[in-house]
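Q: Submitted below is the structure of interest, expressed as structure tokens.
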Amino acid sequence: MIQRVVLTGINGFAGRHLAAFLDGLASRPRIAGLDLAASATAVCDEFYSVDLSDTAKVAEVIRRFRPDCIIHLAGTFAKDSWPRVYQDNVLSLVSLLEAARADVPQAVLITAGTAAEYGRLRPDQSPVTETCPCQPISPYGLSKRLATEIAQYYHRVHGLAVMVVRPFQLIGKGVSAALAPGAFARQLRQATTGQTRQIEVGNLQSVRDFLHVQDAVEAIWTLCQKPAPGEVFNLCSGRPTKMADLLAAMIRQCRLEVTIQEDPRRLRGAGDVPVMYGSYRKIQEHTGWAPRLSLEEGIADTCSVDQPGT
């Protein structure tokens, strides 16, 4: 039984949802939250404000708390800064793996990758499985691909029980406005208050796979309970949805009349992947997990006016 969990990025979108999920368990583990912020905005028993690339400080936290399980959700998109992406998405994982190897080598460790690791795909490669070759085309996707390689190295060479989850686009209450669903939701909330009636968008013809964040955190916990060291698992709905259809459903949910304007600054050009949706067959076969919540439920939660952190 897992009794002590270290959760990095606890103040982030997925981190807050996972902390709340763990807090509601009948056999609730003790939670240590790590984040760059000065204080926690999510439930936890202990909180550490720490830069995860600081190996010494991370080692001190792990040595003091001695977790059974480490869930690494901290990271950054930082599209305009390759050094920051590398520091936050690669070096932070190395710090955790080194600390685990030194003090809690039997701990289960899950680190969050991304569907962006797959990069540009041919239409016949969807739904994407974990065996699909990875050819990332963004600094973010590349950094996560490097992190995946490092995680698997630490399993292969040092025997750590580390796994990688690759979430596709998560939606739900509090999703970041750095992602299209969050940007749509923020503008729609502004429209409800009369601040604007125009929604600025990027490429609405892209096809993506949207998964409710609550389903994602439940999937992560199932893997904590039934680890498969060294493995990679997609977290997705398996359902392709065009961005235009997502936005139209969000507008209907908010019961608004708005105009839609393409913003050239939001277009990714050669960095855009036309179609990306995945298969969750591997994790379903291993743990029995499958998405429970519908796209419509995800849209309703994403459009909620009481979203934290946006």
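The values are calculated or read from the model by the stated rules, or taken from the named source; none is laboratory data. Small disclaimer: the values here were computed from a predicted structure and weren't measured. When we count neighbours, we look across all protein chains shown, and the Cβ atoms used for this are built from the backbone with ideal geometry, even at glycine.
Q: Kindly establish whether N203 is modelled with pLDDT of 95 or more, of a type outside the set (V, I, T) and either touching a Gly at 6+ places or on another chain (Cβ under 6 Å) or assigned to a loop (DSSP other than H, G, I, E, B) (or both).
A: Criteria not met by N203.
Q: Related question: I'm told T111 meets every condition in (1) under 20 Å from G15 (Cα atoms); (2) out of contact with any His (no Cβ under 7 Å at 6 or more places or on another chain); (3) hydroxyl-bearing (S, T, Y) except one. Can you identify the failing condition by its number?
A: That leaves (2) as the condition not met.
Q: Let me ask something else about it. Please go through the range 110-159 and pick out each residue that is more than 21 Å from A219 (Cβ to Cβ) and part of a loop (DSSP other than H, G, I, E, B).
A: The answer is R120, L121, R122, P133, P136, I137, S138, G159.
Q: Only one of these is over 21 Å from T55 (Cβ atoms), surrounded by fewer than 24 Cβ atoms within 10 Å (Cβ to Cβ) and either modelled with pLDDT of 95 or more or out of contact with any Ser or Thr (no Cβ under 7 Å at 6 or more places or on another chain) (or both): R16, R28. Name it.
A: R28 is the lone residue from the list that is over 21 Å from T55 (Cβ atoms), surrounded by fewer than 24 Cβ atoms within 10 Å (Cβ to Cβ) and either modelled with pLDDT of 95 or more or out of contact with any Ser or Thr (no Cβ under 7 Å at 6 or more places or on another chain) (or both).
Q: Quick one: would you say T76 is polar (S, T, N, Q), surrounded by 17 or more Cβ atoms within 10 Å (Cβ to Cβ) and in contact with a strand residue (DSSP E or B) (Cβ under 6 Å, 6 or more places away or on another chain)?
A: Answer is no for this residue.
Q: Let me ask something additional. Of the numbered conditions (1) out of contact with any strand residue (DSSP E or B) (no Cβ under 8 Å at 6 or more places or on another chain); (2) in contact (Cβ under 8 Å) with a residue 12 or more places away in the chain, V201 satisfies every one except a single condition; which is it?
A: The single condition V201 does not satisfy is (1).
Q: Let me ask something else about it. Considering every residue within the range 213-225, establish whether at least one is touching a residue at least 24 places away in the same chain (Cβ under 8 Å) and outside any helix (DSSP H, G or I).
A: Checking the range 213-225: not a single residue is touching a residue at least 24 places away in the same chain (Cβ under 8 Å) and outside any helix (DSSP H, G or I).
Q: Taking the criterion of being at pLDDT 95 or above, surrounded by fewer than 17 Cβ atoms within 10 Å (Cβ to Cβ) and acidic (D, E), would at least one residue in the range 206-221 satisfy it?
A: No, the conditions are met nowhere in the range 206-221.
Q: Consider R145 carefully, then state whether it is closer than 20 Å to H72 by Cα, charged (D, E, K, R) and crowded, with 20+ Cβ neighbours inside 10 Å.
A: When the stated conditions are applied, R145 passes them.
Q: Of the conditions (1) out of contact with any Asp or Glu (no Cβ under 9 Å at 6 or more places or on another chain); (2) under 23 Å from H212 (Cα atoms), A74 fails just one. Which one is it?
A: (1)
Q: Turning to a different aspect of this structure: Specify which of the listed residues (S27, S49, S53) is hydroxyl-bearing (S, T, Y) and more than 22 Å from the chain's Cα centre (by Cα).
A: So the residue among S27, S49, S53 that is hydroxyl-bearing (S, T, Y) and more than 22 Å from the chain's Cα centre (by Cα) is S27.
Q: Answer yes or no: is there a residue in the range 99-119 that is farther than 28 Å from F21 by Cα and buried (at least 18 other Cβ atoms within 10 Å of the Cβ).
A: Yes.
Q: Out of the residues in the range 135-177 that are among the hydroxyl-bearing types (S, T, Y) and closer than 26 Å to G202 by Cβ, state the one that is modelled with the highest pLDDT.
A: Ranking the qualifying residues of the range 135-177, first place goes to S143.
Q: Same structure, new question: Need the failing condition index for N234 against (1) at pLDDT below 95; (2) touching a Gly at 6+ places or on another chain (Cβ under 6 Å); (3) among the polar types (S, T, N, Q), just the number.
A: Unmet condition: (1).
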